[in-house]
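Nothing in this text is a laboratory measurement; each read-out follows from the coordinates by a stated rule. Here the structure is a predicted model, which means the values were calculated and not measured. Cβ: placed from backbone, ideal geometry, glycine included. Neighbour counts: every protein chain shown.
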Amino acid sequence: MKMILLVAAMASAFASSAEAVKQGPSAVSAPIPDADKIELEGEYQGHLQDVCRDKAGFLYWAHTSCILKTDMRGKVLVKAAVEGHNAGCEVKDGVLYVAVCPMQNKTGGQTTPECRLQINEYDTETLALRAKHMLPVNDRAGSLAILEDGSFVVGCLRPKDILPSQARFHHVGRDFSLKSTHLLENVNVRLGIEVIKRTGDTLLMMLYGSPTIKVDTKTFAEKGRLENRGGHMGLFFDGDFCWRGYSRQPEGGKVWKSWIKRFRREDFMRE
């Protein structure tokens with residue numbers, strides 16, 4: 001049975017977890033600057049996992065230990081700490097959805113019997129936690145995409161019950177029920193599916209050490225492969241361009257600096 005843990009949206013509750021920085025409720029971010037690189041303001045515990053953009057132009061950055069909302073110049077507007085280990089993120093209809101691996105830091109990065117798939121909802125204005133959706137699926141979430149019908153695709157960090165040449169992902173309904181489970185075959189996987197992004201009728205599944213796999217959004221069958229684009233720290237499309245996420249930890253440091261870089265879409269998608 002699916003467990004849905006609803007979290008009351010009380011100001012006193014999210015004041016301790018989300019830090020807002022002077023943002024009006026109807027604020028609109030400035031257009032994407034004519035630049036090839038946007039640096040996220042500040043340094044953070046844990047590396048960048050994913051980045052996405054809403055229709056108003058705001059950016060959402062999912063680090064392993066926190067989520068942030070910024071303008072298109074990387075200035076932080078809201079920041080919220082999270083419990084567990086963030087993975088992929090996407091925004092839709094005023095809600096930020098984040099795939100979460102709550103047991104990642106407690107199991108040494110292994111899929112143990114208590115691990116479950118989880119998707120959290122956050123308000124895009126305040127980053128207040130709205131709800132947690134835990135599915136009865138023994139996997140660790142590594143990435144997330146939203147399909148056109150509002151359902152989800154969640155990519156997994158590789159468990160021990162499949163081959164090293166396989167990777168697993170799940171189709172999750174809008175009601176957060178499990179619809180189907182699928183395997184990528186003949187992949188060279190170090191950790192699992194780190195990023196999933198939808199472009200048209202194609203899902204791009206990015207893995208450490210493997211080509212990016214193109215998957216059909218209707219049948220979930222493989223459509224082709226791209227050379228490894230290194231997009232395992234986030235990706236979003238912007239017209240003729242795409243932006244890819246990066247993180248770097250200074251030598252001997254304990255914090256991470258993150259940024260996104262712009263590439264031509266046709267170059268990125270070329271097989």
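Along the charge dipole of the stretch 43-269, which of N186, G253, T111 sits closest to the positive end, that is, farthest toward it, with unit charges on the beta carbon of Lys, Arg, Asp and Glu (+1, +1, -1, -1)?
Among N186, G253, T111, the one farthest towards the positive end of the dipole of the stretch 43-269 is G253.
Could you list the trypsin sites (Lys or Arg not before Pro) in the stretch 172-242 that lie in coil according to DSSP, counting only those with at most 16 other Cβ atoms within 10 Å of their Cβ?
Those satisfying the criteria are R174, R190, K218.
For the stretch 38-157, give the magnitude of the charge dipole about the Cα centre (Cβ charges: +1 Lys/Arg, -1 Asp/Glu; no others), in debye to the nearest 20.
Taking the Cα centre of the stretch 38-157 as origin, the dipole is about 180 debye.
Could you give the dipole magnitude of the stretch 152-271 about its Cα centre, charging the beta-carbon of Lys and Arg +1 and that of Asp and Glu -1, in debye to the nearest 20? Before the final figure, lay out the partial values.
Values: 22 positive and 14 negative charges, 67 e Å.
Computed about the Cα centre, the dipole is about 320 debye.
Calculate, for Y208 and L163, the FRET efficiency according to 1/(1 + (r/R0)^6) with r their C-beta to C-beta distance and R0 22 Å; round to the nearest 0.05. Walk me through the intermediate numbers first.
Values: r = 16 Å, r/R0 = 0.74.
It comes to 0.85.
Please go through the residue pairs K132/K254; K179/K214; K197/K254; K37/K160; K214/K261; K79/K218 and name each one whose alpha carbons sit more than 32 Å apart in this structure.
Numbers: K132/K254 29 Å; K179/K214 20 Å; K197/K254 29 Å; K37/K160 38 Å; K214/K261 22 Å; K79/K218 35 Å.
Too far apart for the 32 Å limit: K37/K160; K79/K218.
Treating only the Cβ of Lys, Arg, Asp and Glu as charged (+1, +1, -1, -1), what charge dipole size does the stretch 92-213 show about its Cα centre? Round to the nearest 20 debye.
I would put it at about 380 debye.
Between the stretch 77-103 and the stretch 168-217, what's the alpha-carbon centroid distance in Å?
18 Å
Taking the stretch 44-83, which trypsin sites (Lys or Arg not before Pro) meet the DSSP loop condition and have no more than 13 other C-beta atoms within 10 Å?
K55
Run through the stretch 167-254 and list the GluC sites (Glu not before Pro) located in a DSSP loop whose Cβ has at most 14 other Cβ atoms within 10 Å. Mind showing how you got there, number by number?
Details: sites: E185, E194, E222, E227, E251; in loops: E185, E227, E251.
Here the sparse-neighbourhood loop sites are E185, E227, E251.
Would you calculate the separation in nanometres between label points at H182 and A35, each defined as 7 Å from the Cα along the Cα-to-beta-carbon direction?
3.7 nm
Kirkwood Rh and Cα-based Rg: tell me the resulting Rg over Rh for the stretch 43-269, rounded to two decimals.
For the stretch 43-269, the value is 0.93.
Give me H47, H85 sorted ascending by neighbouring Cβ count inside 10 Å, so fewest comes first.
So the residues, fewest neighbours to most, are H47, H85.
Applying the Karplus parametrisation 6.51 cos²θ - 1.76 cosθ + 1.60 with θ = phi - 60° to the phi angles of the stretch 201-217, what ³J(HN,Hα) value in whole Hz is obtained for each residue in order, glycine and proline being reported as x?
Couplings: 9, 10, 9, 9, 10, 10, 10, 4, x, 9, x, 6, 9, 8, 10, 6, 6 Hz.
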